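The values are calculated or read from the model by the stated rules, or taken from the named source; none is laboratory data. If you're wondering where the values come from, they're calculated on a predicted model, not measured in any experiment. Quick reminder, even Gly has a Cβ in these numbers, built from the backbone with ideal geometry, and neighbours come from all protein chains shown. The protein model used for the area step is the full one, side chains on, heavy atoms only, and it has no ligands, DNA or RNA in it. Shrake-Rupley method; radii C 1.70, N 1.55, O 1.52, S 1.80 Å.
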Amino acid sequence: MNLEALPKFYSPKSPKLNDETPATGSASLTITDVMAAQGMVQSKAPLGFNLFLAKMGIQDPQPAIDGLTNYAMALDNPVLNKLTESTRLEIVDCLVKFAYADYSRSAASKSECPHCHGKGVIRSMRDVMKHPGVKGVEPTVRHEEVEMLCSYCDGKGEVSTACRGCKGKGTVLDEKRTRLIGVPTMKVCGRCNGNRYSRVPTTLAKAVIEKLVPDLTSYQWYSGYASVINMLVTKCWQEEAYAEKKLKKVTR
């Protein structure tokens, strides 16, 4: 049994309105079997299991974030080790949340619009016609702040994280080989490298870290903080793979 099969046990199934006999094979798992398997996986791989459930929206992400925070605090990073305990904890909390947001992304995810910051409208200074004017009266125009619909998200306040190059498919048309062979040929999207979604830009995390560390240098960022983010994202995928391995073992 794979981890991807677990979410269906958390939502009710539609009733079967036909005369088809339900499967009664001995290989099928009951809800009790699944609950017992989840308990065993939770005890063997708690971090990976919490990460997966949080990513699927089944469980609150706080337990997973707490586990990542404990892992990050135990890292022997020379840049983080030079900070005070309070500053280090505050920075690690920011890095962990950033890494979790990057790990939990998918082609179906939504993110806050970077242009309107989730408001759906953009404020700008424009010339507003207060009175069109009539014969003998000049028109009245005032320069004031107005709200305009955000054109980037069409007023929704959120945008899709799917890759804009392949539209979340992971592959694009190879125009050169298509013209050469005469048959539509696909290739891995060069914009997302087949991931189907765009990753969270590290500039967002850097902007927050610069507020906590005003004298932040490029070396400190790439050798310290950016390195920790990459390690945390890698740790997330490793723990999820380990949890899936344990689930397959107890349900084989």
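Measuring from centroid to centroid over Cα atoms, what is the spacing of region 105-142 and region 52-83 in Å?
Their Cα centres are 40 Å away from one another.
Kindly provide log₁₀ I(q)/I(0) values, in the same order as q = 0.16, 0.17, 0.21 Å⁻¹, from the Debye equation applied to equal alpha-carbon scatterers of region 28-154.
Computed log10 I(q)/I(0) values: -0.97, -1.01, -1.17.
Just how many pairs of Lys in region 91-191 have C-alpha atoms closer than 28 Å, counting pairs that are eight or more places apart or on different chains?
19
With bins 10 Å wide starting at 0, give me the P(r) of the chain over every alpha carbon pair, in whole percents.
6, 19, 23, 23, 16, 8, 4, 2, 0, 0
Counting pairs of alpha carbon atoms under 8 Å apart in space and at least six apart in sequence, what relative contact order in percent does region 156-218 give?
Relative CO of region 156-218 lands at 31 percent.
Sum -39500 (n - 2.57) across every DSSP H segment of at least 4 residues in the chain, then divide by the residue count to get the 222 nm mean residue ellipticity, nearest 500.
That calculation yields -13000 deg cm²/dmol at 222 nm.
Over the alpha carbons of region 128-183, what is the largest minus smallest coordinate on each principal axis, giving the biggest first in Å?
In descending order, the Cα extents are 73, 27, 13 Å.
How do the peptides 135-142, 181-188, 107-114 rank, highest first, by the average count of neighbouring beta carbon atoms within 10 Å per residue?
107-114, 181-188, 135-142
Near Lys206, which aspartates and glutamates are there with a Cα under 18 Å away, not counting those fewer than 8 places off in the same chain?
Of all the aspartates and glutamates, those that pass the test against Lys206 - Cα under 18 Å, at least 8 places apart if same chain - are Glu90, Asp93, Asp102, Glu112, Asp215.
When ligands, DNA and RNA are left out and all protein chains stay put, how many square angstrom of accessible area per residue does region 144-183 have with a 1.4 Å probe?
Here the residues of region 144-183 average 71 Å² of exposed surface.
Any cysteines in the chain with zero other Cys Cβ atoms under 4.7 Å from their Cβ? List them, or say none.
Cys94, Cys236
What number comes out for accessible area per residue over region 82-123 if the probe is 1.4 Å? Units Å², please.
56
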